[in-house]
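Structure, as structure tokens:
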Amino acid sequence: MASIILASASPRRSELLEQIGVAFSVQPAHIDETPGSAEVPGDYVERLAREKALAVAVDFPGRLVLGSDTSVILNNVILGKPADEHEARSMLAQLSGATHQVMTAIALAQDGHCESRLVTTEVSFRSLAPAEIAAYVATGEPMDKAGSYGIQGLGGIFVQELKGSYSAVVGLPLQETAVLLANAGCPVWKHWPSSRESQS
């Protein structure tokens, strides 16, 4: 398949694209990620994915650009990346013994046109002891992760139950990504059906 551009520096998203054999180059997007004053989480996440894809697509006419954004939502509040270890410990204490949502949006842009999808996964944590929260934060893993944990790393031991897309929690919903690429004429493999074909 033709090479696409990934508008993200996330190594986890790169690994997921490599997993399904997608040829790509990386060109991170630089946009303002401040939520709007009355913006609901799902709208926020999808808007960022679209803005990232469109921002990069402007500089690469004719190329397909994939943007993505992931946020952890607890009680309708967005938990972003922690500013410091204290905030990481606080976030993990809030997630302890509770169910939260991980919202990941993907957007595929080309020449000003953009298609996007929003995927929501429910993740339940077991109860966490303060000592293990402190030990986990000390590893440094939470510091660049939304919600202060990485499900694909050490943070996976906290997850009691997951309902939805595991790859979306990591950072890129593979099924939805494959559909967007197929619809844009860039299937993951030769006989991957586009949504238009599956509806006919």
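The values are calculated or read from the model by the stated rules, or taken from the named source; none is laboratory data. Everything numeric in this text was worked out from a predicted model, so none of it was measured. Methodologically, a virtual Cβ is constructed for each residue, glycine included, from the backbone with ideal geometry; neighbour enumeration extends over all protein chains shown. The protein model used for the area step is the full one, side chains on, heavy atoms only, and it has no ligands, DNA or RNA in it. Shrake-Rupley method; radii C 1.70, N 1.55, O 1.52, S 1.80 Å.
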Give me the pairs: first residue in the stretch 80-102 and farther than 23 Å from ALA131 by Cβ and open to solvent by 70 Å² or more (accessible area, probe 1.4 Å), second residue aliphatic (A, V, I, L, M) and part of a helix (DSSP H, G or I), beta-carbon distance under 7 Å, and six or more apart or on different chains, which are they? LYS81/ALA146
Among the residues of the stretch 155-176, how many are within 11 Å of the chain's Cα centre (by Cα) and in a helix (DSSP H, G or I)? 6
Among all residue pairs at least 6 apart or on different chains, which show Cβ distances below 6 Å where the first residue, located in the stretch 35-57, is over 9 Å from ALA107 (Cα atoms) and the second is open to solvent by less than 60 Å² (accessible area, probe 1.4 Å) and part of a helix (DSSP H, G or I)? PRO35/TYR44
Do you know which of the residues in the stretch 142-174 that are of a type in the set (A, V, I, L, M, F, W, C), in contact with a helix residue (DSSP H, G or I) (Cβ under 6 Å, 6 or more places away or on another chain) and within 14 Å of THR70 (Cβ to Cβ) is surrounded by the fewest Cβ atoms within 10 Å (Cβ to Cβ)? LEU174
